[in-house]
Structures are given as C-alpha cells and as structure tokens.
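Participant: Have a look at this one.
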Amino acid sequence: MAFDQQQKRDFKVVGTRPVRPDGIDKVTGRAMYGADLSAPGMLVARVLRSPHAHAKIVKIDISKAEGLPGVKAIVTSADLGRPEDEALRDTQDNCLAYDKVLYDGHPVAAVAATTPEAAKAALAAIEVTYEKLPHVTDVDAAMKAGAPVVLDGRAYEEVPAGWSQNVTNHCEFGHGDLEAGFAKADLILERSFKTEATHQGYIEPHACLASVGPDGRGELWCCTQGQYMVRETCAGILEMDASQLKVTPSEIGGGFGGKTTVFIEPVALALSRKAGRPVKLVMTRDEVFRASGPTIQSSTDVKIGMTRDGRITAAEATLRYSGGCYPNMTCMMGAQAAFAAYDLDAVRTYGWNALTNRPKEISYRAPGAPTAIYAVENVLDEMCQELGLDPIDVRLTNAADKGTKSSYGVTFQDIGLKTALEAAKAHPHYSAPLGPNQGRGLSCGFWFNFGGNSSVTLSVNTDGTVNVTEGNPDIGGSRASISMIAAEELGIPYEHVRTLVADTASIGHSDTTDGSRVTFMVGLATIKAAREATQKMCARAAAIWGIEPDAVEWIDGAAQPAGPNAGKFPPMSLAEIAATSLKTGGPIAGHCESTADGAGVSFGVHLCDIEVDPETGFTKVLRYTVVQDAGKAIHPDYVEGQMQGGAAQGIGWALNEEYIYGEDGLLQNPGFLDYRIPVASDLPPIDTVIVEVPNPGHPYGVRGVGETSIVPPLAAIANAVSRAAGVRLHELPMSPPKILKAVMAKG
Amino acid sequence: MRYAIPKTAAEAASLLMEEAARVLAGGTDLLVQMKSGARSPEVIVDIKHLPGLRDISREDGGFRIGAAVSGAEMQEHADLVAAWPGVVEGVNLIGSTQIQGRATMAGNLCNGSPAADGVPAQIAAQAVVRIVGPKGERDCPVAEIPTGPGKISLGRGEFVASILLPARPERSGDAYLRFIPRTEMDIAVAGAAVNLVLAADGTVDQARVALGAVAPTAMLVEEAGAALVGTKLEQPALDALAKACEAACKPIDDKRGTVEFRTHVAGVLARRAARIAYVRAGGRA
Ligand SMILES: Cc1cc2nc3c(=O)[nH]c(=O)nc-3n(C[C@H](O)[C@H](O)[C@H](O)COP(=O)(O)OP(=O)(O)OC[C@H]3O[C@@H](n4cnc5c(N)ncnc54)[C@H](O)[C@@H]3O)c2cc1C
C-alpha cells in the first residue's frame, strides 16, 4: 500500500481536543520569548533609523558616539560585505541601509552599549548627513512615468511605455478566449479597488540575543518562524559557515508570516562580533510598525461577464501591488488566487509589482490572496444584486470542483469548495432575518498551502514515553497536533508524547513555518518517523520471539504476531520493548528528513452580518460564520482557532487597519492607538464549521488551515457593508469617514 | 528624577515650584508620555496621599470629588451616578477596566487634551475646580482650565485639589456621547455633552451643550443650548441644535477624522445626547 494512501480508519487521538502542551507555560509567564534570555556581560543594542522617506546617505559620522561612555560597538552597512545574491543583498540592505534610505524607519546604524541610556545617547551622537530625495508611497503613483525611482536598475525587462522604472515584477495567468466569453455575457461589470497595507500585529516585537566568540563561532536566540532561514541568511550576510552558527528559536508571540525574514538578527551578530560580548536587540512597537514587514498595498481592476442565470462567461483582473522598497513576487500569488474558486472557460489575470518608499513587505497570512479575492468577490456580489440572484447559488453554479482546470493552470484533485458552500447555505445564519441598516455579506476564499522540507526525529525513551524533535517553530498549536499524530501512530496516550522544537544544530533542515505547511508536512514526517520506529520495535519483538521480523505487526500500541502462522505470543507493548531496548539492540528512534508536494488546496466560505449607522458611518459586526475545509482536523480547537483568528484579522483589515502616510512620506500611525486592530469588544463570537474533504496527498487527509481564513473576510465585510449602507464601497479600510461620505453622496 | 509623596497641600505646592515638576495622579497619561519621551519631569509629585484627595463628599447638595478619585470609584458612588450620570459616563469611557482603576477626572482635565472624554460633561455641568497653590486656594470654572492642546491655565506651583459638581434641581439630567471607530481603547473623534433642566410640563428650561475634539479645547456652545430651551426636543429643535454645533466646530483634519466628518458627527452626537439627557430628566421622548 502506498504510504500516503488513505485507509478508512477510526482515529483514537486525532480529532480529540487535549490540552495544549505549551498552554501552562504561556499563561503563567514561564514561556521564554525572544526578549527573555540574558547572558553574562550582555550589551543592549539600539538602532538609528531614517527620519526621511527617501534620501541619499552622504556621510555617517560615528566618531563622537564611539567615544561616549558605555558604548562598545557601532555598526553600519560599511561593517558588512556585499553579498553576490540579489535577494540576500536586499535583505542585508533592509537591515542596514547601504547608500540610500528607502523609507521612514530604515535602519542606518546600530549601537551596542552597557546600558539602554548609553545606547540612546550614542544614537543621538551619530551624525548622518542626508540628501533628501523625492519620494513615492502610493502604488498607482509609483507606476507612472516620472515617479521618483526607488531603486535604480531593478525595473522589469519589459516595462510598458508610459510606466515607471519602479515596475519590477510581472506575471500573467489564465486560459480561454476572453473576447468570446464576454460576448456571451448578459451583464458585464468592471470595477476598480484599492486596499491599504496592513500589519500582522503580532504581540511580540522582534527580539534576539546574539553572541559571537573570538573564534568566529556564533550563537543566536531569537523569535522567528524559521531558525534555518535565520541561520542561512545571517551566515550569508556575516560570511560565516552555517555549521558555525547555532540558531535557537524562542517561544514565539505571533508571527502570521511576519517572522519569515530577518530585521535585527544580522545586526545583533555584527555588533556582538565587533564588541566581543553578547548583544540583545529588541524592537519597540514603533519600530515594528515603521520597519518590519507589513503587507502589500494594492490597486486592482476586475471585469466579469455573467449570464442572466449566473454563469460566469469570462473574467479578467489586473493586480497592481506594492511590496515596498524591494522587488517581490506577491503579485504572482494574488494573480493565481484571484479566480481560483471558479470553474471558468475564459479567464486572465495580470500581476504587477511597483517599488514605493515603504518598508519591505513580508508575508502576512496568504500573501497576495486577500486583496485579489476581495476585488473579485465584490464584483460578483454586485452582479448578484443587479441580476437578483442568490449569492451562494451563483457561487455553486461556478464553483471549482475535482477535475476543474484552475485559472492558474493546476487541475484540482478532491476539494471542499462545494461542500463548504452547501454547509454555508444550510447554516441558520444564512436565512436569519436582518433588521434595518443591516446587510449580509459572503465571500469564498482560497489558499494553495505548501509542503516543502522538514526533519523529524522520534525517540522512544526507555520508560515508554516518546519525544518528537522537529525543526518548525510552533505558531498555531502544532506541538499539540504533532504529539497527537505520534500518539495515534504509536498507539500510546497523547500525554506520553512530548514534542520539542529544536535548534539548528540538533536536527536537520526544516523550511520556515509558513504556507500553512507544518501540520501537513511535519505531521507527515512524524507519521513516517513513527512507522520507522514501530518497524524497529516489531523487529525487536521478532528477535525476542525468535520469528521473522515481517511476521510481526504493530497494532494498538504493541507488537503482535501477524496472523496465526506467525506463532502465538502475547502482544508486546511499546513500554515493554522500550524497557529492554538497551539490551536488545540499543536505543530506538525513527527519523524522517523529507520533502512533499500534495499539500492540498483549501477553500473557505465566510458569512457576516453588519449594521451601519447611517449618521456616523460606524459599523458593527453582528454575526460572523466561518466554513472551511480542513481535510482532516487533527486538533479541532486549533483548526477553529485558525479560522476565528483569520476572520478577526480580516475584519480589522476591512474596517479600520491601515498604514497612513503623510505628504512627507512618514508613517503617521506607528502604534496601536491609531493603527486600529479590533479589540475584543469589536468582535462578535465567530462561529465555525469545519468541513472535512480529505486531501489525497496525506495519509490522514490533512490540509493546511492557517491562511485560507484571512482571505474571505475583506469581501464578506465589504459586501455586507455595501448592502447595509445601500451603496457600494471600493476601498479598504472602510473606516467611518469613508462610509459616511459614501452614504451622504448617495443622498 | 525624583519621586515625592507630599503629606500636605502646602508641601505639594512648594514641590511644584521646583523646575520641571509634574503632578502625578493616576499616571495613565503621564507615564505614557514619559515612556514615549514626550515629557521628562525632574520631580514627580504624587498627590494621591494628600488628605481628602481620594474622597467624594457632599457639599451644598452637590458633590466634591477629590483630584485623586479614580473613574472606578466614581462609578461605584450610586448617589453621584444618579445626580450626574453624564459626567460619570464621560469619565468611565476612559480606557478600559484597568485604566479606570487609576485614571482621574482631574488628570483628564489637566492633561489638556481637546479630546478628553471627561471634560465636556463637566463644562455642561458648570463644574467648579478648586485649585491649591503657593498663595492658597482659589476656585475656577472648569471651562477656563484648558487653554489649548496640552495647555491649561494653572500657574506655577498650582494643582487641582478637587472638582465640585453643583446641586441638581428636580427634573434634570445629563448625558455624554463620543465617537470612536472602535468600541473602546481609542481617542474621541468628536464628543458631545448635554445637560438639561426641565419645567414641570417637560419643556426644556435650561440647557447647556459642550463639545469635545472639534476645537483646540472642549467648549460650551451657547447657541446649541439656546436651541433647546422652550422646546420638548421636537425635530426642528434637534435640527437647530445640530446646526449650532456644526457651526461652532473648528476641528483639525487628521488621521483620526476629516473636518467634515468631525463636524457632522458632532451634530449627530449632540442630538442623540440631548434625547438621552431629556429622558434622564424625566421627559417623555
Ligand atoms: C490605554 C489608555 C486608554 C485611554 N483612553 C482614554 C479615553 O478613552 N478617553 C480619554 O479622555 N482619555 C483616555 N486616556 C488618557 C488618560 O487615561 C486620561 O486622560 C486620564 O483621565 C488621566 O488621568 P490620570 O489620573 O491618570 O492623570 P495623570 O497621568 O496622572 O496626569 C495627567 C496630566 O495631568 C497632570 N495632573 C494630573 N492631576 C493633576 C492635578 N490634580 N492638578 C494638576 N495637574 C494634574 C499631570 O501632571 C499630567 O500632566 C487613556 C489612556 C490610556 C493609557
């Protein structure tokens, strides 16, 4: 039987809701986060940042600062080499500006000193001479010819005439005859949308402790979604061998994609190397907003043709994204995801990226997809209104299914979109009555999900307990899920398994925790490692019984003779085999270092009710329901948590969160007061419905669930607001002044 | 930096004569400002241990509220809430449960924010502020305390010791409403307080309307009050009230709200607050 073939099986542990292993530590404060480690002789570091949106660095004079009491090291870009690799160079330049500062908050220099006060005084004594340059912070303005050019020499090879050199990336997807498709339509709608950049808003700011010895060997403790990514990037920038740098991931206070790159780690290492002492560097919230990675800002045109009965005949979208001051390909994921939910004969998407004087974008849950699908689902909703059609029926009519050739080329295997739409339609929420000034919105959502590389070691301890060691930081309860999977495979209680996330020296490479890949991929590797361990345990039992190893099989947590011909022996439990293991052939462990495709795409459907105050533009989210395909929910609490968390973040994005840049190109709201994340009282209870259409690429059917949930809220909320206010809005966030303006303009 | 706990008003006043001295009440503004670097006082004068400053006492039928009384303590005082529900709800809108345990009405006033939630209802209530300083005590109408964003009229060495909310006639009621984009933990984009006294037949006899966050200081809008006197809050009266409020607005245009938004919403809030105050005064809406 192929490894990933699914058997109908009765799960014992998978699907239950045990207590998470990291819970007590987190609620008691015992958990060690990025800023919680200290070392003898440690220095504190502070970063000097650009006060300009765009400027040439003429000179950095550190001579006065160096002489101040307590100052042990100062670094600038001049302390680092120039990496050959363009992407690595961009990352380095983002950590310490090279010849230009590209955004408000761009790091220019860093100081390590004996006290925070000394470090602060040194920052004030560093003299930077800037030559201010014109700036551009808006994606549409940045694409126009004549816009200030953010980075020279990075333009896309075929930038269309009349466009700026800021245009760095382009992609195109689709199939079929658009013209013929639109000709068949009874209604064609064309709309343009704009969305502002948002921040992941993780509670824990970036923090690290770096220590480089005189022999050049380094240790780094940091909060990250990927310790191997940190090691490779830092080793590259500091020209160290990967083997000489050990990176230990701390407990992580939220990431959502924002901790899949480095901002401070190479700087702390460079300071430690120069000072010869450990260096701690912790970002402030202001720095996190100004200079870590928010999402893209977007501007999108969508054109859809539809027949009177709701069949889409053709669909087209142009997506213009700005991922800040360095090139990036997020527009590709947006262009692929835009129409992924639908089975279309004629579809085309075009993605563009333009540079702006904003911080370098980094992933935020399903990067690129939410804003693309926001635009598409918004137009669909308006078409349903215009044609008098039921929004779920129209989506069911067009929904992608097994065998559909997707708009980005892939042919889908088993997918759960139709099941999710049916579940949404059957949910009491969909037929509940609405009051005055209330509207109901709906949206589908999609995310690819990734597989990638991960390493797992599963050790059977002599007391019959088990340790799983893996290399993927736990940002969503994955240690619980991995322990459950190990317990399921081994046939032992969940409480007997403990899963640990290891440093880079303790286990092999694991790709970053992103792409909703960990429960899928580390889970897969854990199943393989467990099966290797059970095979070894069967062999031990066989040796003890004096029968052939393949005459023994692993059933219910014990080695048992396979069938009557194998002989009659009582089952030998994991604990019994473990207890004698050191005398029967040595320690027992299973390993898996592997790579996997087949992550299995995931679809979701969100429903929400909103009330709009027509006199103030104030919105209240009255009711919210998330339906999502999880393939197989290992720990349903954490699946529901992901579904609710994505919805909450999407609600913030839709209603009030935004990066606000002034005329001067400076960020006006680098704090939680004016960067308005929803507070608990802003949100209704978020209802969840887990749909399980097994992923054929995983033995249990698991699909990633972490990202799909942030995709539908933007359009679900926009559609609800538009219906409640009686006027369609085309810009996010839909903050009260914008809604009031639209309502008043409608009259 | 020095932290002082004076035991007498005179001692407090003399500490406040020192260079860069600053009163500390709940600290919910001051500590935040110190952390961000906006203020770096040399001497911090904690007034919470001065005699009487944490008391709410009756005086001539009104209430004298000590400058160190927290929002939570005001909320727990049933008689105060019954007499001045609008003033108390303004103070209770500040922050969250945690903030309420520390934030004071006097601190809210002395911080000088044009958007302070505790101030408009005090102005509508004609509260009187007792100020203690090197030269002794003086009383001052609350409306004369704020003079501009972050600025107040207190002299060197002076501090607010208490605030007097006057006695209530029969058939009186007040209310305060603010607009924020979220449900809590935000700064008012506009705020409106209305204080009414009704005649026996339900006609408005006296009306005071104050607005916050739409001008450099919270302010009384006399025309807005006048629009209500002699009415039973019929629609034309409410429309005239809103118009008067809009005319009085001189807001800034910033990330928190546009001029047109703040102006429009100030009128809406005034209308809504007037209806609430009217019902609280025993009027039939
Ligand atoms: C999370 C959070 C949310 C908040 N939400 C709101 C809100 O919704 N609405 C709102 O209006 N405010 C809000 N604030 C601001 C603040 O809580 C209030 O202004 C509060 O009333 C201040 O009172 P305090 O006693 O803490 O003042 P403090 O911080 O102690 O003092 C404030 C200022 O007044 C001076 N001062 C204090 N008392 C006196 C006195 N008796 N005499 C002379 N000077 C004095 C101090 O020197 C200082 O400059 C919020 C603050 C935080 C941290």
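The values are calculated or read from the model by the stated rules, or taken from the named source; none is laboratory data. These numbers come from a predicted model, not from an experiment. Cβ atoms come from the backbone with ideal geometry, glycine included; neighbour counts cover every protein chain shown. We work out accessible area using only protein heavy atoms, side chains counted, and drop any ligands, DNA or RNA first. Shrake-Rupley method; radii C 1.70, N 1.55, O 1.52, S 1.80 Å.
Participant: Please work out if A:VAL721 is more than 21 Å from A:ILE296 (Cβ to Cβ) and within 14 Å of chain B (Cβ to nearest Cβ).
Facilitator: yes
Participant: Going by what's in this entry, would B:ALA121 be described as touching a strand residue (DSSP E or B) at 6+ places or on another chain (Cβ under 6 Å), near the ligand (Cβ under 8 Å from one of its atoms) and in contact (Cβ under 8 Å) with a residue 12 or more places away in the chain?
Facilitator: No: the conditions fail for B:ALA121.
For (1) open to solvent by less than 10 Å² (accessible area, probe 1.4 Å); (2) within 16 Å of A:GLU382 (Cα to Cα), each residue gets a yes or a no:
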residue	(1), (2)
A:ARG285	no, no
A:ALA291	yes, no
A:ILE296	yes, no
A:GLY305	yes, yes
A:GLY310	yes, yes
A:ALA315	yes, yes
A:THR318	no, no
A:SER322	yes, no
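Participant: Mind telling me which of the residues A:ALA73, A:ALA35 ends up being closer than 18 Å to A:ILE264 by Cβ and under 25 Å from the mean Cα position of the chain (by Cα)?
Facilitator: A:ALA35
Participant: Next question, about the same structure. For segment A:611-634, give me each residue that is assigned to a strand (DSSP E or B), surrounded by fewer than 24 Cβ atoms within 10 Å (Cβ to Cβ) and at the interface with chain B (Cβ under 9 Å from one of its Cβ atoms).
Facilitator: A:LYS620
Participant: Could you list all residues from segment B:63-72 that are more than 8 Å from the ligand (Cβ to nearest atom) and crowded, with 20+ Cβ neighbours inside 10 Å?
Facilitator: Selection gives B:PHE63, B:ILE65, B:GLY66, B:VAL69.
Participant: Within segment A:427-536, considering only strands (runs of 3 or more DSSP E) that don't extend past its boundaries, which have at least 3 residues that are open to solvent by less than 10 Å² (accessible area, probe 1.4 Å)?
Facilitator: Qualifying strands (runs of 3 or more DSSP E): A:438-447, A:452-460, A:466-470.
Participant: Can you name the residue in segment A:689-706 that is open to solvent by 30 Å² or more (accessible area, probe 1.4 Å) and closer than 28 Å to A:ASP609 by Cα and, of all such residues, is nearest to the other protein chains (Cβ to nearest Cβ)?
Facilitator: It comes out as A:VAL689.
Participant: Separate question: Considering only segment B:249-273, how many residues are away from every other protein chain (no Cβ under 14 Å) and either open to solvent by less than 50 Å² (accessible area, probe 1.4 Å) or among the hydrophobic types (A, V, I, L, M, F, W, C) (or both)?
Facilitator: 1
Participant: Among the listed residues A:LEU189, A:LEU209, identify the single one that is under 25 Å from A:LEU732 (Cα atoms) and part of a strand (DSSP E or B).
Facilitator: Being under 25 Å from A:LEU732 (Cα atoms) and part of a strand (DSSP E or B) holds for just one of A:LEU189, A:LEU209, which is A:LEU189.
Participant: Now a separate question. Filtering segment A:558-576 down to residues that are in contact with a Pro (Cβ under 6 Å, 6 or more places away or on another chain) and either outside any strand (DSSP E or B) or open to solvent by 30 Å² or more (accessible area, probe 1.4 Å) (or both), which residue is farthest from A:GLY586 (Cα to Cα)?
Facilitator: A:GLY567
Participant: Is it true that some residue in segment B:39-48 is touching a Phe, Trp or Tyr at 6+ places or on another chain (Cβ under 7 Å) and assigned to a loop (DSSP other than H, G, I, E, B)?
Facilitator: The answer is yes, given that some residue of segment B:39-48 is touching a Phe, Trp or Tyr at 6+ places or on another chain (Cβ under 7 Å) and assigned to a loop (DSSP other than H, G, I, E, B).
Participant: Right, another one. Just need a number here: residues in segment B:94-110 that are crowded, with 20+ Cβ neighbours inside 10 Å and either near the ligand (Cβ under 6 Å from one of its atoms) or more than 20 Å from B:THR183 (Cβ to Cβ) (or both).
Facilitator: So the count comes out to 9.
Participant: Mind checking which residues of segment A:657-680 are exposed (fewer than 15 other Cβ atoms within 10 Å of the Cβ) and aliphatic (A, V, I, L, M)?
Facilitator: Correct list: A:LEU673, A:ALA680.
Participant: Something else now. Limited to segment B:173-207, what total is found for residues that are open to solvent by 20 Å² or more (accessible area, probe 1.4 Å), of a type outside the set (A, V, I, L, M) and not in a loop (DSSP other than H, G, I, E, B)?
Facilitator: Final tally of qualifying residues: 3.
Participant: Does segment B:182-213 hold any residues that are within 14 Å of chain A (Cβ to nearest Cβ) and either within 18 Å of B:GLY61 (Cβ to Cβ) or in contact (Cβ under 8 Å) with a residue 12 or more places away in the chain (or both), and which are they?
Facilitator: Residues satisfying the conditions are B:GLU184, B:MET185, B:ILE187, B:ALA188, B:VAL189, B:ALA190, B:GLY191, B:ALA192, B:ALA213.
Participant: In the list B:ALA115, B:ALA127, B:ALA82, which residue meets the criterion of being away from the ligand (no atom under 12 Å from the Cβ), open to solvent by 10 Å² or more (accessible area, probe 1.4 Å) and not charged (D, E, K, R)?
Facilitator: B:ALA82
Participant: Continuing with this model, one more query. Being under 21 Å from A:ALA207 (Cβ atoms), open to solvent by 80 Å² or more (accessible area, probe 1.4 Å) and assigned to a loop (DSSP other than H, G, I, E, B) narrows it down to one residue among A:PRO40, A:PRO69; which is it?
Facilitator: Exactly one residue qualifies, and that residue is A:PRO40.
Participant: Here's another thing I want to ask about it. For segment B:141-160: of the residues being in a strand (DSSP E or B) and more than 12 Å from the ligand (Cβ to nearest atom), which is nearest to the chain's Cα centre (by Cα)?
Facilitator: Among those residues, the one meeting the criterion is B:PRO141.
Participant: Still on this structure, I have one more. Output the number of the condition that A:VAL58 fails; it satisfies all remaining conditions of (1) open to solvent by 70 Å² or more (accessible area, probe 1.4 Å); (2) of a type outside the set (Lys, Arg); (3) in a loop (DSSP other than H, G, I, E, B); (4) under 24 Å from A:ALA109 (Cβ atoms).
Facilitator: Going through (1) open to solvent by 70 Å² or more (accessible area, probe 1.4 Å); (2) of a type outside the set (Lys, Arg); (3) in a loop (DSSP other than H, G, I, E, B); (4) under 24 Å from A:ALA109 (Cβ atoms) one by one, A:VAL58 breaks only (3).
Participant: If only one of B:GLU223, B:GLU246 is more than 14 Å from chain A (Cβ to nearest Cβ), under 24 Å from B:PRO146 (Cβ atoms) and at pLDDT 95 or above, which one is it?
Facilitator: Of the residues listed, the single one that is more than 14 Å from chain A (Cβ to nearest Cβ), under 24 Å from B:PRO146 (Cβ atoms) and at pLDDT 95 or above is B:GLU223.
Participant: Considering only segment B:13-45, state which residues are in contact (Cβ under 8 Å) with a residue 40 or more places away in the chain and more than 6 Å from the ligand (Cβ to nearest atom).
Facilitator: B:ALA13, B:SER14, B:LEU16, B:MET17, B:PRO41, B:GLU42, B:VAL43, B:ILE44, B:VAL45
Participant: Regarding A:GLY641, is this residue assigned to a helix (DSSP H, G or I), open to solvent by 10 Å² or more (accessible area, probe 1.4 Å) and either more than 12 Å from chain B (Cβ to nearest Cβ) or at pLDDT below 95 (or both)?
Facilitator: It is true that A:GLY641 is assigned to a helix (DSSP H, G or I), open to solvent by 10 Å² or more (accessible area, probe 1.4 Å) and either more than 12 Å from chain B (Cβ to nearest Cβ) or at pLDDT below 95 (or both).
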